[in-house]
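Here's the structure we're looking at; comments come further down.
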Amino acid sequence: MSTAEANGPATSVSGMMRVLTRIREGAPTSKTSQSPSKPVQTGPADAADRWPLPGLAPMTRVRTSFGDVHAVALRKGDLVQTRSGDFKPIVWLNRILLDQQFLDEKSDSNPIRIQAGAVAHAVPAADIMVSPRQVVCPTPSGSLKRRHEASDLVERPGVGRQRETGLSYTMFHLGDPEEVYCDGVFLLFEPLKTPASAK
């Protein structure tokens, strides 16, 4: 596992990597056999296995000032559409690469697939894949009335865990917490909060 791109303060990236190192150190010795479509239940026994970071899988698209762009192609400075309709620049962006071993050992790091229309009619507009910690924002026309982590939605029809053999998560923020338009649904992006234990 490694970072592929870092466009932000070194302290933010190093703090994040300390968190990831702690996750790696707690890796189980055997591979999980959990069903891909079932959520990972977290509690005191498996809290160390909980994937802590938000992010977008590579092919999930973000609305920018020059069209819908796959997350893997986003760059610092790109203007993205917020809930207000304004386009604001990405001020920090980082990518985390997860290999098959890590994804097998830490099953909660596998992405959540949200199928088109699973949140509300035409929301999202296309299938998206996000980190289980990515926050999905409410939609006026749907049943989602408050913000939820993607993993909380797994019991809904059209939402499930997607097993991967390798992927990257793209994380970014605009300086302040903002809801950003991604393939027909708004997702929350905000500066990472580094746990005190990782400092």
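The values are calculated or read from the model by the stated rules, or taken from the named source; none is laboratory data. Because the structure is a prediction, the values reported are computed rather than measured. Note that we place each Cβ from the backbone using ideal geometry, even for glycine, and neighbour counts take in every protein chain shown. Heads up: the accessible areas ignore ligands, DNA and RNA and are worked out on the full protein's heavy atoms, side chains in. Shrake-Rupley method; radii C 1.70, N 1.55, O 1.52, S 1.80 Å.
Of everything in the range 23-63, what is assigned to a loop (DSSP other than H, G, I, E, B), among the hydrophobic types (A, V, I, L, M, F, W, C) and at pLDDT 50 or above? Give them in sequence order. Please lay out each step first, then the result.
Within the range 23-63, the first condition is being assigned to a loop (DSSP other than H, G, I, E, B), and the residues that meet it are 26-46, 50-55, 57-60.
Subsequent filtering for residues that are among the hydrophobic types (A, V, I, L, M, F, W, C) retains 27, 40, 45, 51, 53, 57, 59.
Trp51, Leu53, Ala57, Met59 - these are the residues of the range 23-63 that are assigned to a loop (DSSP other than H, G, I, E, B), among the hydrophobic types (A, V, I, L, M, F, W, C) and at pLDDT 50 or above.
Among the residues of the range 151-185, count how many are basic (Lys, Arg) and within 14 Å of Val136 (Cα to Cα).
Qualifying residue count for the region: 1.
Would you point out which residue out of Arg83, Arg156, Arg75, Arg163 is basic (Lys, Arg), in contact with an Asp or Glu (Cβ under 8 Å, 6 or more places away or on another chain) and open to solvent by 10 Å² or more (accessible area, probe 1.4 Å)?
Just one listed residue meets the conditions, Arg83.
Could you identify the single residue in Leu103, Leu97 that is within 14 Å of Glu164 (Cα to Cα) and surrounded by fewer than 21 Cβ atoms within 10 Å (Cβ to Cβ)?
Exactly one residue qualifies, and that residue is Leu97.
What number of residues in the range 119-137 are assigned to a loop (DSSP other than H, G, I, E, B) and either under 18 Å from Arg63 (Cβ atoms) or open to solvent by less than 30 Å² (accessible area, probe 1.4 Å) (or both)?
Count: 11.
Keeping to the range 64-100, report how many residues are within 29 Å of Pro157 (Cα to Cα) and assigned to a helix (DSSP H, G or I).
Qualifying residue count, the range 64-100: 3.
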